[in-house]
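Student: Sharing a structure here in structure tokens format.
The values are calculated or read from the model by the stated rules, or taken from the named source; none is laboratory data. None of these values were measured; they are calculated from a predicted model. Virtual Cβ from ideal backbone geometry, glycine too; neighbours counted across all protein chains shown. The protein model used for the area step is the full one, side chains on, heavy atoms only, and it has no ligands, DNA or RNA in it. Shrake-Rupley method; radii C 1.70, N 1.55, O 1.52, S 1.80 Å.
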Number of protein chains: 2
Amino acid sequence: MGKDQFRLSGFLPYRLAVLSERVSHRLSIEYGKIRGLSVAEWRVLVHLSRQGAISVKDIHDCVNLEKSRVSRAVSRLEAAGLVEKVPGETDGRLVEISLTVAGETALSDILPAARAYEDKLCARISRQDMDTFCRVMEQIHSVLDDDPEAKRRSRMDLQRPDIERRSAGSLPSGDPSL
Amino acid sequence: MGKDQFRLSGFLPYRLAVLSERVSHRLSIEYGKIRGLSVAEWRVLVHLSRQGAISVKDIHDCVNLEKSRVSRAVSRLEAAGLVEKVPGETDGRLVEISLTVAGETALSDILPAARAYEDKLCARISRQDMDTFCRVMEQIHSVLDDDPEAKRRSRMDLQRPDIERRSAGSLPSGDPSL
DNA sequence: TGACTTTCGTTGCAATCGCAACGATAAAAG
DNA sequence: CTTTTATCGTTGCGATTGCAACGAAAGTCA
């Protein structure tokens, strides 16, 4: 009978969703303050700040956004003058996307706010706890990586976050210790 | 200069969003296998399994879903015959929502799968690491709780998850013992 | 009782999303 | 060179979402 009593509040996927949604929503206010940027647009902008000219596919592969979502985000950014889209040079299919000056300006307006809010979120968390937190996230990811039914995750996110100094390792290869 | 080099892959809000989205998406496949349930419908069903008859507002308050989202989810569930909606008794505004037998059946089909997948996700994570993980999530939440611009979080999620036996404590407010 | 305010659930609307299909281009096969 | 296959970006479509506005139904206060 009551033995079951499934607790949504204790269900990990639910908890992740609630936290993530809350953080994203709050952060989107921060973006919106500067410009009317959506999350997708923000991700595109940030990625462009690291790579010079790049294609839709590249962005799609790197920031966990659907092809069409990237395409539309880029269109909006172009309409806003923050991004420039050139019809590809060597390959006629590709589109070369790059930041305009206005785009760089907008980015430099938003980046500090984003960083600041991240810092605020983490302020009370010890270095060690954050390391553990990231390691656990990685472990959950690795389960999904092994699950053929799960969505693949982007290339960029597989590289060592290098935020956590050492640790990091510990792949399904076997190292237990638990 | 290259000094800046903002790394999206290391940005906490981004990492949370990617992980959460990935988990949710994979889990929604699990729901869909049994019935064509969306996340919202799943949350409503689960919450109903704990409370008898309840209003839209109550669900809204408890499972982090917009009022309208709950309303529509309930409508779909009603159309699917998993839920019953009675026009309130003492209070004419309220609607009393309750599980039908079919709803209970569907739930008992899905719950084991959901639990199993959660277990799979956590299988390699030590008890201690999971405690830390949950504690960090709580700390992030508490920053948002103090931020007037952030969305409020639902009542239910504030209660002690009580899944982790000891630990848990260590909140900024100081109240220990639980 | 009657006028004002609040609460509850639904709905209109515009915006967004994911998915699949499409045309265009390039690469591979023959 | 021609045909077939694969890749890239866009778009059409249906579905979903959040937000605000709405009407209905209490609750409040004089």
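Student: Mind checking which of A:V136, A:I29, A:V70 is farthest towards the positive end of chain A's charge dipole, using Cβ charges of +1 (Lys, Arg) and -1 (Asp, Glu) about the Cα centre?
Tutor: Toward the positive end, the furthest listed residue is A:I29.
Student: If you put +1 on each Lys and Arg Cβ and -1 on each Asp and Glu Cβ, how big is the dipole of the stretch A:9-123 around its Cα centre, in Debye rounded to 20?
Tutor: Roughly 460 debye, rounded to the nearest 20.
Student: Please report, to two decimal places, log10 I(q)/I(0) for chain B at q = 0.10, 0.14, 0.18 Å⁻¹ as given by the Debye formula with identical point scatterers on the Cα atoms and no solvent.
Tutor: -0.52, -0.96, -1.34
Student: If you don't mind, there's one more thing I want to ask. Roughly how much accessible area, to the nearest 100 Å², goes out of reach of solvent when B and A pair up, both sides summed, probe 1.4 Å?
Tutor: Heavy-atom accessible area buried at this interface is about 7800 Å².
Student: Looking only at other chains, what is the average number of their beta-carbon atoms within 10 angstrom of each beta-carbon in A:146-153?
Tutor: 4
Student: Comparing B:I110, B:I54, B:I34, which has the greatest mean-square fluctuation in the GNM of chain B with Cα pairs linked when under 10 Å apart?
Tutor: Of B:I110, B:I54, B:I34, the most mobile in the Gaussian network model is B:I34.
Student: Considering only C-alpha atoms, what is the centroid distance from the stretch B:1-77 to the stretch A:4-37, in Å?
Tutor: Here the two parts' Cα centres lie 9 Å apart.
Student: Using a Förster distance of 25 angstrom, determine the FRET efficiency expected from the C-beta separation of B:F6 and A:Q128, and round it to 0.05.
Tutor: After rounding to 0.05, the efficiency reads 0.55.
Student: At what distance in nm do the modelled label points of A:R115 and B:K151 sit from each other, each positioned 7 Å from its Cα along Cα→Cβ?
Tutor: With each label point 7 Å from Cα toward Cβ, the separation is 2.9 nm.
Student: Please compute the per residue accessible area over the protein assembly as shown with all protein chains in place, 1.4 Å probe, rounded to a whole number of Å².
Tutor: Accessible area per residue, the protein assembly as shown: 50 Å².
Student: Further question on the same structure: Using the beta-carbon distance between A:R50 and A:R72 and R0 = 22 Å, what value does 1/(1 + (r/R0)^6) give for FRET efficiency, to the nearest 0.05?
Tutor: That pair, A:R50 with A:R72, gives E of 0.55.
Student: Also, quick follow-up: If you take every residue apart from A:S71 with its C-beta less than 11 Å away from the C-beta of A:S71, what net charge results, scoring Lys and Arg +1 and Asp and Glu -1?
Tutor: That works out to +4.
Student: Just tell me, in residue order, which DSSP H segments of chain B are both 20 angstrom or longer along the helix axis (alpha-carbon based) and at least -0.5 in mean Kyte-Doolittle hydropathy.
Tutor: What comes out of the filter, once short or polar helices are dropped, is B:12-34, B:101-122, B:127-145.
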